[in-house]
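Working notes for the structure below.
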Amino acid sequence: MTPRSIADQTVEELGGPSSVLVRQRRDHEELDRLLHELDGTTGRAQERVLRKIDQLVFSHAFAEETVLWPVLRRVLPDGDALTLQVEEEHQEVNELVSELEALPHDDPRRAQRIARLVEVLREDVRDEEDVLFPRLQQALDPKALRRLGLQWEVARRVSPTRPHPTVSRRPPGNAVSGLPLSLIDRTRDLVDAGVQHAPERIAPAGEAVSKVLAAAAGWVERVPLARRGDRPPTSR
């Protein structure tokens, strides 16, 4: 019998409101809303929506890679191959967003990069909801799914919120780099939000602080231990 997509199941079937499957689907629904909001935007409005997507997607994916995928690899005989496919999608998202951050608002390449980003994000959701999570549901009982949901939620709240394409998608690299990158990213998020509302004369100072934080994140990414654990398709 083919496992049912978690998109087609009730909250009770998925293990209750605190189940990791319900928490995952909730984030996917918010992502879908943001992708619709992104459609047709340009300039600063586009940047604001992209930052919301980044903050949701990167913390969500980092918590998956540190908490959920190791469990899948342990409980499923083909767990390594299944998670590797999704890790490749996560890696492409990291690289696409890094490219977008470097492109000016009027660069004609932005539209193509954004279209591909939306495509990969939707592929990732389908792979998780239709393949990975139904398999996880078959392997774990509802109590274990709820326990895993708590662990994932804690990890998500302390995970990075920006792209880090050179960091390993697997332990030990992601586990070692996660907390320092999260502190840097979340501080930078606050600084950037302040710049948007600050008087024009103060904005350059905030932008300079953001650049210093970005450089600090780059330093963490270059630490050799942060790159350990990746398989060849995602290692950089």
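If you take the square roots of the eigenvalues of the alpha-carbon gyration tensor of the chain and sort them as a ≥ b ≥ c, do you get rounded (a/c under 1.5), prolate (a/b over b/c) or oblate? Walk me through the numbers on the way to the answer.
Working: a/c = 1.85, a/b = 1.54, b/c = 1.20.
Cα axes put the chain in the prolate bin.
Note on segment 1-148: with charges restricted to the Cβ of Lys and Arg (+1) and Asp and Glu (-1), its dipole about the Cα centre is near 500 debye.
For segment 110-184, rounded, prolate or oblate, judged on the Cα gyration tensor with a ≥ b ≥ c (square roots of eigenvalues), a/c < 1.5 rounded, else prolate if a/b > b/c? Don't skip to the answer; put the middle values down first.
Numbers: a/c = 2.36, a/b = 1.17, b/c = 2.02.
Oblate.
Based on Cα contacts under 8 Å between residues 6+ apart, the chain shows a relative contact order of 27 percent. Ranked from largest to smallest solvent-accessible area, with a 1.4 Å probe on the protein heavy atoms, His36, His105 come out as His36, His105. Of Pro163, Phe58, Leu183, whose Cα points farthest to the positive end of the dipole of the chain (charges on the beta-carbon: +1 Lys, Arg; -1 Asp, Glu; origin at the Cα centre)? Most positive-ward Cα: Leu183. Of Glu37, Glu87, Glu221, the residue with the greatest mean-square motion in the GNM of the chain, using alpha carbon springs below 10 Å, is Glu37. Between Arg170 and Asp230, the built amide H atoms are under 5 Å apart, and every one of these is 5 or more places off in sequence or on another chain. Of the solvent-accessible surface of the chain, computed with a 1.4 Å probe and all protein chains present, 57% belongs to carbon and sulfur. Between Arg231 and Arg44, the FRET efficiency from the beta-carbon distance, with R0 = 41 Å, is close to 0.60.
Determine the calculated [θ] at 222 nm for the chain from helices alone, applying -39500 (n - 2.57) to every DSSP H run no shorter than 4 residues and normalising by the residue count; nearest 500 deg cm²/dmol. Let's see the in-between values first.
Values: 9 runs with 158 residues, N = 236.
That comes out to -22500 deg cm²/dmol.
The values are calculated or read from the model by the stated rules, or taken from the named source; none is laboratory data. Computed from a predicted model, the values in this text were never measured in an experiment. A quick note on method: Cβ atoms are made from the backbone with ideal geometry, for glycine too, and the neighbour counts reach across all protein chains shown. Just the protein is used for accessible areas: all its heavy atoms, side chains included, with ligands, DNA and RNA removed. Shrake-Rupley method; radii C 1.70, N 1.55, O 1.52, S 1.80 Å.
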